[in-house]
1. Arranged from highest to lowest average of other beta-carbon atoms within 10 Å per residue, in what order do the peptides 546-554, 158-166 appear?
2. Accessible area per residue for the chain in Å², computed with a 1.4 Å probe and the full protein assembly in place, what is it?
3. Which ³J(HN,Hα) values, rounded to whole Hz and listed in residue order, are derived for the range 242-248 from phi using the Karplus coefficients 6.51, -1.76 and 1.60 in 6.51 cos²θ - 1.76 cosθ + 1.60 with θ = phi - 60°, glycine and proline given as x?
4. Of the peptides 369-375, 516-522, 250-256, how do they stack up when ordered by the mean number of other Cβ atoms within 10 Å, highest first?
5. Could you tell me what percent of the DSSP beta bridges with both partners in the chain are antiparallel, to the nearest 5?
6. Please report the relative contact order for the chain, taking Cα pairs under 8 Å with a sequence separation of at least 6, and give it as a percent rounded to a whole number.
7. So, with a 1.4 angstrom probe, what is the percent of accessible area on the chain that is carbon and sulfur?
8. How much length would be gained if the chain were fully extended between Asp308 and Ser560, taking 0.36 nm per residue of separation minus their Cα-Cα distance, in nm to one decimal?
Amino acid sequence: MSTLPHGTWPSPLAPADLAIGQVRIDEVRPDGPDTWWLESRPSQEGRSALVRHTGASGTVADVLPAPWNVRSRVHEYGGGAYAVDAGRVVVNDLTSRRLHRLDPGSFDPVAITPQSADVRFGGLELRGEVLLAVREDHRGSREPVNTLVVLDLAGPNDDFGTALVQGPDFVLRPALSHDASQVAWVEYDHPNMPWDTTRLKRAVLRNRRLHGIRSVADTEGVSAVQPRWSAGGALWFATDESGWWNLHRLPAGEDAPAAVHLHDQDLASPQWTLGAVDYAILDEEHALVRRWVDGVARLGVLDARTGDIEDQPDDSVAFAHLGAASGQGVVLRGPIDRSAEVARGTVGEPWAVLATSGSAALAPEWVSPAEPTTWSNSLGQVVHGLLHCPRNPDAIAADDQRPPLLVMIHGGPTSRAEASFDLGTQFWTTRGFAVLQVNHGGSTGHGRDYRNRLRGQWGVVDNDDIVTGASALAAAGVVDPQHLAIRGGSAGGFAVLRALTTSTVFAAGTSYFGVADLAGLATETHKFESRYCDGLVAPWPDGHATYRDRSPLHHVADLSGRVLLLQGSDDAVVPLAQAQDMAAAMREAGHEVDLVVYDGEGHGFRRADSIIDSLTQELAFYIGVLGLEGPDLPCGP
């Protein structure tokens, strides 16, 4: 074992290992004995491939070759880019900008919509001969129009579908009953986001028209999400009326839904995309659910008759895209010591792994697992986070050295960091960094009150939670107070810049496509988030003074530490101008700043060359700025 300074330990993980051979698995869907999912592949220019595991043979194969790119750009974040029923598939191809039908057995794509760069589809739902979609129409001169439409599976749909629901600012998550005779959907209006106030409705679908539209859940300040129908015609959904996203059910033939359980645990996640699935109906009285307990996720079976949840024998700590078919459950699970897996099996028995998201693996002695941790912010409130200690069996630092700390901030900000294995985190811990992932006020998984801490306080509450978290670890002797760095993307990038311009805690910060000017975000971003800041900051433009006060762009004179800005040229969520203006302001104020722009990348880097270069730049940045030398004390409270 070698004695080396923290941050310089030899790691088995190179930047290329986080791109080559790695995929991001999304939208896992069961269909009879078969299982389908999407793989976003950096090594293939970031394209999203549709993959099928055939239950009868156990084979895994791409359904469509490159350059097919099964993605949606509705709300920019997409979701619901494909739907499958009884072997028939409908896909949204980003390359051709058309919907295509693939019939069972042949998988010869048949275009069913005209080509258009201005009309987008997502949230696809297919039952038998009925195809629903969320249509986002950019052909007008004002903001895009969102509509729930029904489409002809035979095509050509020259009108881009028949409108079923129009008028609300947003329509999402259509759900068809098993016989395709009933539809449920979620709708809401500006300035709300889908985790603020939504309306859940249902109607009878007949002759391509809706009849007898009724409200199922429509309460101000309540988020109702993810409607799904049971085989017997009951409508299930999640709502946070109790303060937590709990499951409710409207039995067939009845008018009043009721909670099937009431626990102080979230069973759903924020609806950033049109394809997230947080529970699966197993039968009329049972559902496969994911709930967060003490900072980690648990997989369980909910008994609607008693409200009890029986945890399943699975030691994973993250679960997404739950599904059920042919008497089996399907899930994308995140173990604590290896990459995410698609797993399928019978409830109560061991499940088979169908696919994994990464070929790069670490032996157990290299893995730094997440340790749920808490601290108090300046108001005395409890804040949640995940701590990863440095771990490397081949290296150790001198006895009197404490490790550098890299604070990681998730995006959103209405989101959360998961406790599951992440190769990106291990990239740093194997080099001798301690990592703190902050689930600051406003994060999900801790109930509505915790989420609402950020209402009107974005850039204040989260900033305080971040600074106090890093300071607490330094004060406890866990990390070196002179070697603190921070990184984040999107809203996490805003947190990086905000922390560097309001405190002197961090010596270095890396902002991936982060927000520098809140006013610019409010006026230039896409429709889905165009009023997001009304709730997070203040109504625009009345609150322009608050926007300016919290924008890092206007406080570069107070900046402490060095900054690295990494940005995609084609970002429609946080436009390139945000990074360019921040860099220009910093240089004018006499600060050093590095700005790297990746051509062709949007909001989140998808291509292997961009991922590799950005990590290479970031690692060299910390080594240079922090100086990364000196000894080690054990990491841990």
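The values are calculated or read from the model by the stated rules, or taken from the named source; none is laboratory data. Predicted model only: the values in this text are computed from it and were never measured. For neighbour counting, all protein chains shown are included, and Cβ atoms are generated from backbone atoms with ideal geometry for every residue, glycine included. Side chains are part of the model used for accessible areas, which takes the heavy atoms of the whole protein and leaves out ligands, DNA and RNA. Shrake-Rupley method; radii C 1.70, N 1.55, O 1.52, S 1.80 Å.
1. 546-554, 158-166
2. 36 Å²
3. Computed from phi, the couplings for the range 242-248 are 7, x, 9, 6, 9, 7, 10 Hz.
4. 516-522, 369-375, 250-256
5. 80 percent
6. 12 percent.
7. Values: 10860 of 22980 Å².
The nonpolar share, carbon plus sulfur, comes to 47 percent.
8. 85.6 nm
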